[in-house]
1. Using Cβ contacts closer than 10 Å as the measure, can you line up 39, 63 from fewest to most?
2. If I model a spin label at residue 60 and residue 72 as a point 7 Å from the Cα along the Cα→Cβ vector, what separation in nanometres do I get?
3. Figure the gain on full extension for residue 10 and residue 29 (residue separation times 0.36 nm, minus the Cα-Cα span) and round it to one decimal in nm.
4. So how far apart, in nm, are the two label points at residue 84 and residue 99 if each is 7 Å from Cα heading toward Cβ?
5. How big is the Kirkwood radius of segment 2-45, worked out from every pair of different alpha carbons and given in Å to one decimal?
6. Once you place label points 7 Å from the Cα toward the Cβ at residue 91 and residue 21, how far apart are they in nm?
7. Using the Cα gyration tensor of segment 52-107, with a ≥ b ≥ c the square roots of its eigenvalues, what is the shape: rounded (a/c below 1.5), prolate (a/b larger than b/c) or oblate (neither)?
């Protein structure tokens with residue numbers, strides 16, 4: 001893992017991006033693997049802990065980006081989608097705004113639009 005991190009950094013992948021990717025890996029690889037990956041990252045690039053106040057700012061930015069991106073992607077269908085998600089699971093609704101349209105799309109400069117068939 002250490003060598004892969006060093007290669008990524010040599011290819012100008014930011015430590016913040018690596019941190020986020022490894023952090024999100026817990027969903028697919030499990031908590032122990034993500035924890036080991038973050039430990040290895042901190043050994044290679046140094047500690048990357050953010051204070052609570054810094055995380056609040058980052059989270060707010062992701063939420064704001066997510067709301068803007070979701071409006072662009074889903075157009076007039078956004079409120080219907082969010083309303084349906086809220087009825088089933090408010091957590092998934094929030095996750096969609098922050099994680100998908102707040103982090104994923106902007107990080108990849110995605111420019112998708114809802115297509116009504």
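Laboratory data are not the source of any read-out in this text; all were calculated from the coordinates shown. What you see is a predicted model, and the numbers here were worked out from it, not measured in a lab. Using ideal geometry, Cβ is built from the backbone for each residue, glycine included, and neighbour counts are taken over all protein chains shown.
1. Ascending Cβ contact count within 10 Å gives the list 39, 63.
2. So the label points at residue 60 and residue 72 sit 2.2 nm apart.
3. Using 0.36 nm per residue and subtracting the Cα-Cα distance, I get 4.4 nm.
4. Label at residue 84, label at residue 99, 1.9 nm between them.
5. Details: mean 1/r = 0.0971 Å⁻¹.
It is 10.3 Å.
6. Going by the 7 Å Cα→Cβ label model, 2.7 nm.
7. It comes out oblate by the Cα gyration axes.
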